[in-house]
1. Based on this model, can you work out whether LEU261 counts as buried (at least 17 other Cβ atoms within 10 Å of the Cβ) and more than 23 Å from the chain's Cα centre (by Cα)?
2. Considering each of GLY22, GLY74, GLY28 in turn, give the residue that is of a type in the set (Gly, Ala, Ser) and touching an Asp or Glu at 6+ places or on another chain (Cβ under 9 Å).
3. Being touching a Gly at 6+ places or on another chain (Cβ under 8 Å) and surrounded by fewer than 18 Cβ atoms within 10 Å (Cβ to Cβ): is that true of ASP235 here?
4. Can you give me the number of residues within segment 45-89 that are at positive phi and out of contact with any strand residue (DSSP E or B) (no Cβ under 6 Å at 6 or more places or on another chain)?
5. Working carefully through the options SER389, SER323, SER404, SER357, find the one that is over 28 Å from ILE185 (Cα atoms) and either of a type in the set (Ser, Thr, Tyr) or touching a residue at least 60 places away in the same chain (Cβ under 8 Å) (or both).
6. If we scan segment 59-79, do we find a residue that is surrounded by fewer than 15 Cβ atoms within 10 Å (Cβ to Cβ), under 22 Å from the mean Cα position of the chain (by Cα) and outside the structural domain of ASN321 (by TED's automatic domain parsing)?
7. Check segment 332-339 and report whether any residue there is of a type outside the set (Gly, Ala, Ser), under 24 Å from the mean Cα position of the chain (by Cα) and surrounded by fewer than 20 Cβ atoms within 10 Å (Cβ to Cβ).
8. Could you list all residues from segment 91-113 that are of a type outside the set (S, T, N, Q) and either closer than 11 Å to ILE72 by Cα or buried (at least 23 other Cβ atoms within 10 Å of the Cβ) (or both)?
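The values are calculated or read from the model by the stated rules, or taken from the named source; none is laboratory data. No experiment lies behind these values; they were computed from the predicted model shown. In this analysis, Cβ positions are derived from the backbone assuming ideal geometry, glycine residues included, and neighbour counts consider all displayed protein chains.
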Amino acid sequence: MKVHVESYGCSANIADAEMISGLLSQKGYNVLNNDPDSDLNVIVTCTVKDPTFNKMVKRIKSLSSTGKPLIIAGCMPKTELDKILQINDQASLLDPGSVHLAVDAAKAALAGEKFESISSKRSNKVLLPRLRSNPVVHIAEVSQGCLSKCTFCQVKFARGGLVSYRPLDIVREIEQAVIDGCREIWLTSQDIGCYGKDIKTSLPELLNIICDIDGDFMVRVGMMNPMHLDEIIDDLITSYMDPKIFKFLHIPVQSGSDEILKLMKRMHSVNDFELTVKKFRNAFPNISLSTDIIVGFPDETDLQFQETLDLVRRINFDTVNISRFGSRPGTEAYSKPILPHKIVKERSKLMHTVAKSTSHSRNKIWVGWKGKSTIVKNVKNAQVARNPSYKPVILKTNLPLGSSVNTEIVNYSANCLVGTLI
């Protein structure tokens, strides 16, 4: 039987799709990259933002119109069940904790039966078989869920509270990935900064044992919220000194206004965030710093938005992921009056302009840099490599993925560096 699997959203969703594909392939299913020839379609959904949710609705309608069996996985079965049932009440459903049941779901769907697994129980996904979307990148989910109660976020309804996986299980999975030829290991979670709080360990301890694994690979540490970093930051910086760790930090601030942060229930202040950034940049001046910003949160004033602009300029981020506020059902902010579309659009446009400027200035400092980069992706007439700070380097090469090359940065844009081999 031919199965098409597609995924949307975060790296955890990509990993879920790889596991679903791996489990099905292990049982003899032919997993395809396109759906026209498939006997069964699987979609791993995301609902974190309004535009993404709307895209999911459109895609589910399209897949349903083929008349073929459909499995809907990812966040929607838990967060938007009513909407799914309106579109296709015969689709089989797998929530994020039920990935291990993919084969059972496929058998039922292909037999014309509806399979449904939506519960509060979550399985350990470590060491499940994979079909990787990128043969040199392994996405290692180290935990599920989080400890936060952000008023705008729907993800906790889908992923639940924090459940950390055992360090030795994670190490075994990564050891196998390195044997398989993976050169990048992405550690992912809904909030990796709180990893281990439920099992009496910590992120720095995990990083230390991962870096002891033999092999030629680099580790990208995933998103971590600032409210959980204070008690581990010194040990975390020490762990980051290992050459196997990309000097890359994704730490969402969401707003530069303390008043808005309180309304979001972010449990950190602007000063907390800035102190964390200062400590990391003092230790690693060329660290790549990524953050997330929500524009147009309910009750955000012009002054509060200006505070956020000022913070972006002051920190001079490498990357800013900008989202316009969208009311997600079930969240505390869902009932709040939204700001006029025109105001939010204008603020978003201005934030994008400022963010592009900071990205441009951060990338400019890399011109003339020489060092090793690893080729991890093919693009049209070129390849993308990553340098030790996880900066994307565009190279006019045609080398095997995973190749380590000596590069010099000769140009840049707001989005990437341009390099040449030396």
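1. no
2. Details: GLY22 fails: touching an Asp or Glu at 6+ places or on another chain (Cβ under 9 Å); GLY28 fails: touching an Asp or Glu at 6+ places or on another chain (Cβ under 9 Å).
After ruling out the rest, the residue left standing is GLY74.
3. When the stated conditions are applied, ASP235 does not pass them.
4. Number of matching residues: 1.
5. So the residue among SER389, SER323, SER404, SER357 that is over 28 Å from ILE185 (Cα atoms) and either of a type in the set (Ser, Thr, Tyr) or touching a residue at least 60 places away in the same chain (Cβ under 8 Å) (or both) is SER357.
6. Checked against the condition, which is being surrounded by fewer than 15 Cβ atoms within 10 Å (Cβ to Cβ), under 22 Å from the mean Cα position of the chain (by Cα) and outside the structural domain of ASN321 (by TED's automatic domain parsing), segment 59-79 yields no hits at all.
7. Yes: one or more hits.
8. Selection gives ALA91, LEU93, LEU94, ASP95, PRO96, GLY97, VAL99, ALA102, ALA105, ALA106, ALA109.
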